[in-house]
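Read-outs throughout are calculated quantities, based only on the coordinates presented, and are distinct from any laboratory measurement. Just so it is clear, the model here is predicted, and its values are computed rather than measured. Positions of Cβ are generated from backbone atoms using ideal geometry, with glycine treated the same way; all protein chains shown enter the neighbour counts.
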Amino acid sequence: MSQLFVKICGITRPDQAEAIAALGVSALGFIAVPNTPRYLSPSAMAGWVGSLPVLKVGVFLDQDPHTITTWVEATGITAVQLHGQESPEDCHRLGELLPGIPRIKALRIRHLADLALASAYTGCVETLLLDAYHPQQAGGTGQTLNWSELAQGSLPLPWILAGGLNPDNIGQALSQVTPNGIDLSSGVEVKPGDKDLGKVQALLQHIRSQGWEIATALPPRIPLPTATS
Ligand SMILES: O=C(O)c1ccccc1NCC(=O)[C@H](O)[C@H](O)COP(=O)(O)O
């Protein structure tokens with residue numbers, strides 16, 4: 001049975017976090033980007049995020065590695081997602097500051113050619129996340145990627161498909177592309193930050209009915225070929 005990593009992002013409420021974790025998702029995402037509608041400050045995350053029984057992903061946008069480190073230490077986040085223009089060097093530095101905390105680099109894809117950016121991150125992050133591009137908003141936009149175009153590309157690391165996914169279109173998306181994981185936010189919401197548990201349940205039911213097993217951890221990094229292989 002193939003495994004699929006399932007992350008539900010933009011969680012703001014402890015009751016919903018616990019209920020969604022109990023449904024069997026792989027990870028929950030918490031938005032650490034000030035001035036966005038699903039933002040949680042470090043003090044708003046402290047005291048409950050750390051004890052959730054799944055991978056806890058903090059989503060950051062062009063924040064200083066030291067700020068991210070302080071945030072992780074204060075909240076119990078167990079993985080970081082870098083959703084801005086963070087360079088490979090920034091990602092590497094974060095790995096030094098936060099050993100054992102996996103890094104997910106988000107790339108906002110406008111054209112298939114943007115996938116070329118991915119190769120620069122092979123040595124410094126564990127996983128990529130492909131999100132749709134929006135000129136004004138960094139994430140949680142509900143915009144979908146062009147899945148048939150994406151199917152023509154390839155990536156050097158395990159990757160998560162994001163962007164406008166919901167229980168009604170997930171089947172179509174997964175029939176065109178083969179990511180290692182999926183990420184959903186607005187497609188399983190009543191309003192920004194308020195999740196619709198019925199939609200999360202419908203999503204998981206669909207995935208399981210298609211024969212996927214929901215992963216309990218990020219997909220392992222693909223070993224890179226050595227000079228002699
Ligand atoms: O979700 C946000 O509000 C957000 C704000 C700033 C940076 C990133 C953000 N979200 C990142 C995610 O991982 C979302 O799940 C991803 O963009 C997909 O969102 P959606 O299209 O709503 O499913």
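From helices alone, the chain scores -7000 deg cm²/dmol at 222 nm; the rule is -39500 (n - 2.57) for each run of n ≥ 4 DSSP H residues, then divide by the residue total.
Protection proxy ranking for 69-79, 133-143, 177-187, using the average of other Cβ atoms within 10 Å per residue and placing the highest first: 177-187, 69-79, 133-143. The packing ranking, built from the mean of other Cβ atoms within 10 Å per residue, places the peptides 84-90, 23-29 in the order 23-29, 84-90, highest first.
For Leu4, nonlocal amide neighbours, meaning residues 5 or more places apart or on other chains whose placed amide H falls under 5 Å from its own, are Glu213, Ile214, Ala215. The three principal axes of the Cα atoms in the chain give end-to-end lengths of 51, 41, 36 Å, sorted in falling order.
A simple packing score, the average count of other Cβ atoms within 10 Å per residue, orders the peptides 57-64, 201-208, 12-19 as 57-64, 201-208, 12-19, with the highest score first. The charge dipole of the chain, taken about its Cα centre with unit charges on the Cβ of Lys, Arg, Asp and Glu (plus for the first two, minus for the last two), comes to roughly 260 debye. Set the Cα radius of gyration of the stretch 111-179 against 2.2 N^0.38 Å, with N its number of residues, and you get 1.10.
Spatially, the stretch 67-81 and the stretch 153-192 are offset by 25 Å when compared through their Cα centroids. Taking 4.7 Å between beta carbons as the limit, the unpaired Cys residues of the chain are Cys9.
Shown in residue order for the stretch 33-50 are the 3J(HN,Hα) couplings computed by the Karplus curve 6.51 cos²θ - 1.76 cosθ + 1.60 at θ = phi - 60°: 10, x, 6, 10, x, 10, 4, 10, 6, x, 5, 6, 8, 5, x, 9, 4, x Hz (x for Gly and Pro). In order along the stretch 184-191, phi translates into HN-Hα couplings of 10, 9, 5, x, 10, 10, 7, 8 Hz, rounded to whole numbers, per the Karplus curve 6.51 cos²θ - 1.76 cosθ + 1.60 with θ = phi - 60° and x for Gly and Pro. In this structure the amide hydrogen of Ile104, modeled in the peptide plane, comes within under 5 Å of the amide hydrogens of Val80, Gln81, Leu82, none closer than 5 places in sequence on its chain.
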